[in-house]
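Read the structure below first, then the notes.
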Amino acid sequence: MLLKEDPYNLNPFETKNLYGLNNYFHNLIRLYKLNNLPNNMLFSGDKGIGKFTLCFHFINYLLSQKSNESYDLNNFKIIENNIYNLIVNNLCENFIYISNENKKKASIEDIRAIKQKLYSTTLNNLPRFIVIDDAELLNVNSVNSLLKLIEEPSFNNYFILINNNKKNIIETLKSRCVEIKFLLSKEELENIFDGLQNQFNIDENYTNKYLKFTTPGNLIKYSEILNSNKINAETSYYKACTILFERFKKSKNYIFIDCANFFLHIKFSKSFVNKQNHLNLINKKLKIMKSLYDFKNFNLTNNSVLEIIKKIEINAK
């Protein structure tokens, strides 16, 4: 099943209500009805703003139109119809999904498997969607194989590549797609977070005021991590990192390092209110941010980074 593997991976397949992205949704529908929907699309924007959720809702809307229980367009809501159940159980011939998160990098074999599926026509004559998440993490070989695939003339097959801005996407791949950039207003971001907060019953201590540090989806994840590990705004940054690094060591899930970076912003925002020497605080913050970046990208040990953090005094009082 295409369901979340751990409690910190907010699964868009479970997000049956669409929040804050109504205009994007209607624009996609309009393009499809005008027969102008591009066969190769690139959804670009920060991770956690709802790009995949929008994609999932749009696909469910199109595939369920002839169903007895079609998509609820008035309320932007997915009904648990036959199409939904087929997709989440990975049985839908009109939906192919590849994730590139953590250790699940797409290989050339994955791209070749897509090609084999595209050789066969669907029995229902409905459009087929190939969704590749975290497309910027594809390696050169996978990109080259994918390029050959998307450059071939294709009827009723639509590629949607999701770019979460983790790194620069390979230009040759980007140039083959029509890019849709997700730039949301403060009101739209708050709408998304408030909707998710109500749906997933998130602790009210982490409100939408923290959206200036992250995105709605990530804020939901970080809130769950911090609350479940008993980390609050008064916890020292060194202690918080000790806990988060240990969780990372056991799981190898980079969400814990990202959460440490998020919590850093919270701690320093409190310090800025009470301290006068802002330049000194900024320098401290930048040093810690660099150590977290190095930890994530160069496989430093927990202790080496914690030692750096321990030397940098953060006074949140």
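The values are calculated or read from the model by the stated rules, or taken from the named source; none is laboratory data. As the structure is a prediction and not an experimental result, all values here were calculated from the model. Here the Cβ positions follow ideal geometry from the backbone for every residue, glycine too, while neighbour counts run over all protein chains shown. Note: areas computed on protein heavy atoms with side chains; ligands, DNA, RNA excluded. Shrake-Rupley method; radii C 1.70, N 1.55, O 1.52, S 1.80 Å.
Specify whether the C-alpha gyration tensor of the range 89-154 places it in the rounded, prolate or oblate class, a ≥ b ≥ c being the square roots of the eigenvalues: rounded for a/c under 1.5, otherwise prolate if a/b is larger than b/c and oblate if not. It comes out oblate by the Cα gyration axes.
In terms of overall dimensions, the C-alpha atoms belonging to the chain reach 64, 43, 32 Å along their principal axes, ordered largest to smallest. In a reduced charge model with +1 at each Lys and Arg Cβ and -1 at each Asp and Glu Cβ, the chain shows a dipole moment near 1060 debye about its Cα centre. Cα gyration tensor of the range 43-120, axes a ≥ b ≥ c as square roots of the eigenvalues: rounded (a/c below 1.5), prolate (a/b > b/c) or oblate? Note, shape of the range 43-120 comes out oblate. What you get for the range 74-126, charging only the Cβ of Lys and Arg (+1) and of Asp and Glu (-1), is a dipole of about 180 debye around the Cα centre.
Treating r as the C-beta distance of Asn139 and Ser304 and R0 as 35 Å, the FRET efficiency rounds to 0.80. Which percent of the accessible heavy-atom area of the chain goes to carbon and sulfur, probe 1.4 angstrom? Within the chain, the accessible surface is 48 percent carbon and sulfur.
Looking at the chain, the accessible area is 52 square angstrom per residue; that uses a 1.4 Å probe and ignores ligands, DNA and RNA.
Per-residue ellipticity at 222 nm, computed for the chain from helices alone with -39500 (n - 2.57) per DSSP H run of at least four residues, works out to -15500 deg cm²/dmol.
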